[in-house]
1. Using a 10 Å cut-off around each Cβ, can you sort B:242, B:441 from fewest to most neighbouring Cβ atoms?
2. What FRET efficiency, computed as 1/(1 + (r/R0)^6) with R0 = 56 Å and r the Cβ-Cβ distance, is obtained for residue A:129 and residue B:173, rounded to the nearest 0.05?
3. Provide the FRET efficiency to the nearest 0.05 for the residue B:274-residue A:246 pair, computing r from the beta carbons and using R0 = 41 Å.
4. So if R0 is 25 Å, what FRET efficiency would residue A:144 and residue B:416 give, r being the distance between their Cβ atoms, rounded to the nearest 0.05?
5. Separation between the residue A:152 and residue B:579 pseudo-spin-labels, each 7 Å from Cα along Cα→Cβ, expressed in nm?
6. Can you compute the modelled spin-label distance between residue B:360 and residue B:383, with each label point 7 Å from Cα toward Cβ, in nm?
7. Within a 10 angstrom radius of the beta carbon, how do B:190, B:410 rank from fewest other beta carbons to most?
8. Nearest 10 degrees is fine. How inclined is helix B:418-428 to the longest principal axis of chain B, computing both from alpha carbons?
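Read-outs throughout are calculated quantities, based only on the coordinates presented, and are distinct from any laboratory measurement. Please read all numbers here as calculations on a predicted model, not as lab measurements. Cβ sites come from the backbone with ideal geometry, for glycine too, and all protein chains shown count toward neighbours.
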Ligand SMILES: Cc1cc2nc3c(=O)[nH]c(=O)nc-3n(C[C@H](O)[C@H](O)[C@H](O)COP(=O)(O)OP(=O)(O)OC[C@H]3O[C@@H](n4cnc5c(N)ncnc54)[C@H](O)[C@@H]3O)c2cc1C
């Protein structure tokens, strides 16, 4: 039950990495060469490049098969389409990787003592496993099941087949061994939405793709002069935490950004 | 071994909304007051600053301002045939931790309970007869009336700079306000906030049905204001990061922005943070508290002797510390005896979502409680004969600011993911608003708090165990009032709407409200109340238990204005009666 020195040391370390944000990817901060970790440096650099940032995003926690699984899965949950980038393009897989490695993935702020009877649905989360452990077990089992059914891992299945597998997880029809498939699906969907809509400081919502999709301006301005304009859309170029901290936008006397209003949407 | 410290006059356990007011008023009267808080010191500067104050993941999803459950949580079950299991994630409610308590991240709606709420049992019987109450319903009168609390409501609203429009001034009904509220001695300290598009549509729709909409009272100032303690607040800028967040502007009523600037300058007050109180120590006869024991951040135990102990650690720890310390007789639902833990209740919220194809709401703008409300279906404001329930709730339009991780409702039937989800989300994010209903909840014999036999906190002490479910009364009420809200919604002309009454078993999973009540309820009869009408323990008279733990049942309004009023009411009794002659102050 107790955490080993190692894992709490690791957590502390990863926290400090998270604190500096997406501008310094985990592996770079580690001082590690992404090449030795992941092999195809160029490929990764290409896949994970953040617009306007010098360094590529890289994975710090997930194994290569897990990276492939997550990228494929989030791309089905929020697909790229005529409305714009999807979760994969927005870096949601990197967001999930960072979250699983940190306080969220290890349940640092959650009650973790046993016993762990299953309980009723009304009693909520009662797994002995942390989100980090749930993802690892579920991803392995889903891939194993895909391999035995289709001779291919999840990420190599056609889109329609992936959608069917995800729907079956969601409905509970696709049962897993270590955790409930439906439960894992719920976590995956919630984390995907978090990664798509959270501030880019956490590695997802790249180029503020999630915010642009819905018309959310991110860090708020003072709306005192606009709040009572009825039925008048306020279309602002979204502002992130980094934009303010790096002085990319002007701010007012309270530190609220001065939004740049766009003449029309898009 | 605990280190014994120098005695003080007063120990306040928990430095949140109630704790800061208690400490401020008593330190000012020259008593040596120590405030003991389990969490960190926090203040507008440097803790709640731009731009990081606007981080939805950190605050709404990872609960940075709220209770750290790795050290302490509670266990829950729907009824006593089940085994209670720990709440491992925050969900249904989000208690605070750290200086300011939940008053840092609350939603700022500042409602008075109605006169009926304080006399639920006697007024129900008088109007509908005894059979109108369910047999196992233990709702009761508070032992204090609205009229007695009125000056104390007034004080709290001035300290917390509440904006609103009076509807009943000394018995005279005033247009534009809530005609159903109890009489106010004077107008709100501040005028209402601005009116959003959502609120304007709601107002017109409600008026078309003959209801009397009024601005929801809120503790987010509409203009720069100086409170009776001489503390000045900024005007709210409607940034939309309010409930669940701390205010970077000092524009939200909270301990930090209303009371602490004065409290922290008082040399009779001492704040101790990262100090977790584990027990109130009693004399051998268990008739007198001699002080408290707490554990500091380095694991050291200290004993702080005090003449007066004020429990202000929110509902859960107010009850838990009483049970842990042996103050009052624990409630036993089988024998139906005892009082500590009795009458736990929890509100019955419900909602309606309105979706438009031709209107735009800038839904991300707003302030915690911003909106308009109607009160026709609250308390006993409508005839309950033949309805099979008592109580009700207000109906209000919500403009609290939608952040996209948490708040992006879609018409029911929309897929939860994939391209169809994406399209609907892009379309509706700014074309929707909601109506929220704060349904009441009666108390029942089977709903209570006690100590868990299995699970323990980080100090090895038993967790609090919650046994709770809503009853028929609550479900019928929720369906009835939510249908009324749906009629108003329909009159506003949406292209689609979701109607979400609260039925079925209570679950600890999704957020509902942090409006937990009871467990150390007030009253005039020591066999059905843990504290007297002045919130003084019947058994240990130098302990007062302050907070919503004193509510005998839950009303159809958010609790904090009533919690604030009870705090000033108890303070008045402490200063003017107890301190003059320490001992029991109610017969
Ligand atoms: C998300 C949210 C929204 C809300 N919105 C509204 C609203 O719109 N309107 C409304 O009326 N109410 C609202 N509330 C409720 C409101 O916050 C509470 O009613 C109010 O804070 C209660 O005051 P309190 O002093 O009893 O508790 P708190 O303000 O929470 O203070 C209790 C303090 O005690 C400390 N403590 C607990 N145990 C110990 C211990 N053992 N030792 C030392 N310290 C301890 C805690 O850390 C905390 O700081 C909301 C609450 C939440 C969480």
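1. Working: B:242 25, B:441 31.
Sorted ascending by nearby Cβ count, the order is B:242, B:441.
2. Numbers: r = 59 Å, r/R0 = 1.06.
Efficiency at R0 = 56 Å is approximately 0.40.
3. Details: r = 34 Å, r/R0 = 0.82.
Once the sixth-power term is evaluated, E becomes 0.75.
4. Details: r = 26 Å, r/R0 = 1.03.
E(calc), rounded to 0.05, equals 0.45.
5. 7.8 nm
6. 4.8 nm
7. Working: B:190 23, B:410 20.
The order, fewest Cβ neighbours first, is B:410, B:190.
8. 90 degrees
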